[in-house]
Amino acid sequence: MCGIVLDFSQRESKLFPDLVAVCARACGMCADECEKHDHDHCQECAKACRACEEACNAYVAAHN
């Protein structure tokens with residue numbers, strides 16, 4: 001999902017704001033699931049997803 005957001009950003013697509021909102025939701029859902037597991041790689045994934053979720057939500061908030 002994050003790769004698609006980057007691609008649409010570089011193309012200056014009119015769909016970019018919508019994709020950023022979907023990416024925030026997808027990353028939040030991924031983080032929720034990964035946080036349930038004690039494995040180091042799951043916790044690292046959760047951290048990365050939370051950071052992406054926060055960045056996407058900040059973008060959405062600033063552009064609404």
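The values are calculated or read from the model by the stated rules, or taken from the named source; none is laboratory data. Only a predicted model underlies this, so the values are computations on that prediction, with no experimental measurement involved. Positions of Cβ are generated from backbone atoms using ideal geometry, with glycine treated the same way; all protein chains shown enter the neighbour counts. Heavy atoms of the whole protein, side chains included, go into the accessibility calculation; ligands, DNA and RNA do not. Shrake-Rupley method; radii C 1.70, N 1.55, O 1.52, S 1.80 Å.
Data overview
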quantity	calculated
The chain, dipole about Cα centre (Lys/Arg Cβ +1, Asp/Glu Cβ -1), debye to the nearest 20	280 debye
Fraction of accessible area attributable to carbon and sulfur, the chain (%, probe 1.4 Å)	57 percent
1.4 Å probe accessible area per residue over the chain, in Å²	71 Å²
The chain: relative contact order as a whole-number percent, Cα under 8 Å and 6+ apart	34 percent
Debye equation applied to the C-alpha atoms of the chain, log10 I(q)/I(0) at 0.24, 0.27 Å⁻¹	-0.92, -1.05
Degrees between helix 16-34 axis and first principal axis of the chain (Cα, 0 to 90, nearest 10)	0 degrees
